[in-house]
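Working notes, structure below.
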Amino acid sequence: MGTVMVSDLGERITKLSLLVVGGISGLIVAAALSPTGPYFWGNFRFYWLPHAAILGLMCWYRAPAALTGGVGLGLALYLAAFGWWVFSREHPDSMSWLGYLFSLPGGAIGAVIAMCWTFLHPKQNLETFLIGLGLVSLGIILNQSLLCATVMYCRQS
């Protein structure tokens, strides 16, 4: 009986740690990209509120914590990569951030597909985390590719 309780506790800690990694990573990246000074909170909200909307959707539908953590980490990695791309340009254009916003529907679609998949095929915590990370990343990549091929100039200048 005691080992079952320890096993349950370990599983809860694992779920919580995967959720924290996904949630905190987005906050850290958004804070790191936001300039200090009077514009910090406005930029921070702009960077992180789309993440909060997607993660809120997952909480609304009671997605597994590990899945939510994987999706959160995928969104944070995309924000970091997009921020690096924008700020590495010779002349960073503020309109480039519209590309970031327009590519997030792909992330939301990837998150919804990941939720449906894990509801139909329950997996262990790490597998669920990786499914969320992979499908949200795939959705963002496909959406960003479509944007770059049609309405957005994505080459390094």
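Remarks
- Per residue, the convex hull spanned by the Cα atoms of segment 49-109 measures out at 65 cubic angstrom.
- Counted as membrane-span-like here are DSSP H helices of the chain whose alpha-carbon atoms extend 15 Å or more along the helix's own axis and whose Kyte-Doolittle mean is 1.0 or above; these are 2-33, 65-88, 96-120, 125-150.
- Left without a cysteine partner by the 4.7 Å Cβ rule in the chain: 59, 116.
- The protection proxy used here, the mean number of other Cβ atoms lying within 10 Å of each residue, ranks peptides 56-67, 100-111, 28-39, 72-83 as follows, highest first: 72-83, 100-111, 56-67, 28-39.
- About the Cα centre, charge dipole magnitude for the chain (Lys/Arg +1, Asp/Glu -1 at Cβ), debye: 100
- The mean sequence distance of close C-alpha pairs (under 8 Å, at least 6 residues apart), as a share of the length of segment 2-150, puts its relative contact order at 28 percent.
- Positive-end ranking of 41, 18, 139 along the dipole of the chain, with charges on Cβ about the Cα centre, is headed by 41.
- Cα-based shape type of the chain, given that a ≥ b ≥ c are square roots of the gyration tensor eigenvalues and the cut on a/c is 1.5: prolate
Laboratory data are not the source of any read-out in this text; all were calculated from the coordinates shown. Since the structure is predicted, the reported quantities are computational estimates derived from the model, not experimental observations. Methodologically, a virtual Cβ is constructed for each residue, glycine included, from the backbone with ideal geometry; neighbour enumeration extends over all protein chains shown.
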